[in-house]
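Below is one structure, written out as structure tokens; the observations come after it.
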Amino acid sequence: MKTLAVVNSKGGVGKTTTAVNLSARFASGDARVLIIDLDSQSSASFSLGIGRQDLTPSIGNVFFDQMPIQEIVRQTSIDGLNLITGSIELANADVIMANVKGRENQLSSAIEHISDEYTYIVFDCPPSLSILTVNALVTADAFIVPMCPQYLALEGVVTLLSAVEKIQEGIGKTAKFLGILLTMVDKRSNAAEELIQMVRNHYKNTVFNTEIGISSALAEAPGFGQSIYDYAPESNGSKAYTDLTIEILDRMLKKGEN
Ligand code: ATP
Ligand code: MG
């Protein structure tokens, strides 16, 4: 398993923070890593230091203008981590691609040209089940679902997972569900703690042991275009994402064998 999508149709749950820091951690060894920003908000691209004026060419040019994917891969300031940006054009993807035959396979066809160059490829998905998220789910070997421990977020995950199942039934081959990641956990909140217990009781081992706590360093790092490993390597956020990376690699290995 090498391709991983970070998915949740709910917004602001830590998808981008997770995709960026996980990619940075993957790249800290010998691995060659690519992160693809599938969101018109371009948060992952900004988080890796790309300026607004430099967002294009983006993955949108591959989908809509048939630009070769090799031409839009960029290096980041992190050794071993490459990036394909997202840009505002992606906001129209559902409309533009509505009548394109095989529209759910655009990403997977594009990736074939560069896949061999990478050990891991991470997709940061937009907060919707748009055609872009469907493309990520079709292409990825596995997906993870970050969620904040709040009641409506839990309902959202139930809906999301059944929607993904529907997509899988419709399309056939899709990513395997690797697990739920609890993010922005406030250990001082009893309500959050109760919800976490509910989630863990219901989803059992599917929930990663690692929880990402609320961390000002994690919130600040994107403003400096840095991963948590460059911005605050000794922080709790940095340690949490390292623990998560180990768990994810372990699950990818095990699921890959099944
Ligand atoms: P969207 O759905 O809009 O793409 P998202 O799910 O990708 O959002 P992020 O952008 O990662 O979520 O996070 C939302 C906001 O919360 C950002 O400002 C981010 O910096 C902040 N944030 C993420 N994780 C944490 C954390 N563990 N502690 C504190 N702030 C966090
Ligand atoms: Mg995001």
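The values are calculated or read from the model by the stated rules, or taken from the named source; none is laboratory data. As the structure is a prediction and not an experimental result, all values here were calculated from the model. No Cβ is skipped: glycine too gets one built from the backbone with ideal geometry, and neighbour counts run over all protein chains shown. For the accessible areas, the whole protein counts, side chains as well, though only heavy atoms, and no ligand, DNA or RNA atoms are used. Shrake-Rupley method; radii C 1.70, N 1.55, O 1.52, S 1.80 Å.
Tabulated data
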item: Span-like helix ranges in the chain, DSSP H, alpha carbon extent 27 angstrom or more, Kyte mean at least 0.5; result: 151-171
item: Cut-off 13 Å between beta-carbons: net charge of the residues surrounding Gln75, Lys and Arg +1, Asp and Glu -1; result: -1
item: Base-10 log of normalised Debye intensity for the stretch 158-229 (one unit scatterer per alpha-carbon) at q = 0.25, 0.26 Å⁻¹; result: -1.08, -1.11
item: Apportionment of accessible area to carbon and sulfur, the chain, percent (1.4 Å); result: 49
item: Label-point separation, Ile88 to Leu253 (7 Å along Cα→Cβ), nm; result: 4.6
item: Inter-centroid distance (Cα atoms) of the stretch 189-229 relative to the stretch 242-258, Å; result: 18
item: Alpha-carbon gyration tensor eigenvalues x 5, square-rooted, for the stretch 25-88, Å; result: 20, 13, 9
item: Highest-MSF residue in the chain out of Glu155, Glu193, Glu220 [GNM, Cα springs under 10 Å]; result: Glu155
item: Entries in Lys15/Lys187; Lys187/Lys254; Lys101/Lys255; Lys187/Lys239; Lys2/Lys187 that, when Cα-Cα distance is taken, lie over 26 Å; result: Lys187/Lys254; Lys101/Lys255; Lys2/Lys187
item: Per residue value of the accessible surface for the stretch 174-258 (all protein chains in place, 1.4 Å probe), Å²; result: 55
item: Span from the the stretch 14-37 Cα centroid across to the the stretch 116-135 one, whole angstrom; result: 12
item: Cα coordinate range in the stretch 91-203, projected on the principal axes (Å, largest first); result: 49, 31, 26
item: Candidates Ala140, Ala31, Ala19: whichever shows maximal mean-square fluctuation once the chain is modelled as a Gaussian network with Cα springs under 10 Å; result: Ala31
item: Rounded to 5, the percent of DSSP beta bridges in the chain classed as antiparallel; result: 5
item: Proportion of all alpha-carbon pairs of the stretch 61-116 beyond 19 Å (%); result: 34
item: Ratio of Rg to Rh over the chain (Cα coordinates, Kirkwood Rh, two decimals); result: 0.94
item: Gyration tensor verdict on the stretch 136-185 (Cα atoms; rounded if a/c is under 1.5, prolate if a/b is larger than b/c, oblate otherwise); result: oblate
item: Among Leu161, Leu107, Leu34: highest mean-square fluctuation, GNM of the chain, C-alpha pairs under 10 Å; result: Leu161
item: Radius ratio Rg over Rh of the stretch 127-258, counting only Cα atoms, Kirkwood formula for Rh; result: 0.98
item: The chain: calculated mean residue ellipticity at 222 nm from DSSP helix runs of at least 4, using -39500 (n - 2.57); result: -12500 deg cm²/dmol
item: Under-5 Å amide H pairs with Arg32, H placed in peptide plane, nonlocal only; result: Thr119, Tyr120
item: Whole-Hz ³J(HN,Hα) from phi, Karplus 6.51 cos²θ - 1.76 cosθ + 1.60, for the stretch 112-129, glycine and proline x; result: 3, 6, 10, 3, 5, 7, 10, 7, 9, 10, 10, 10, 8, 8, x, x, 6, 9
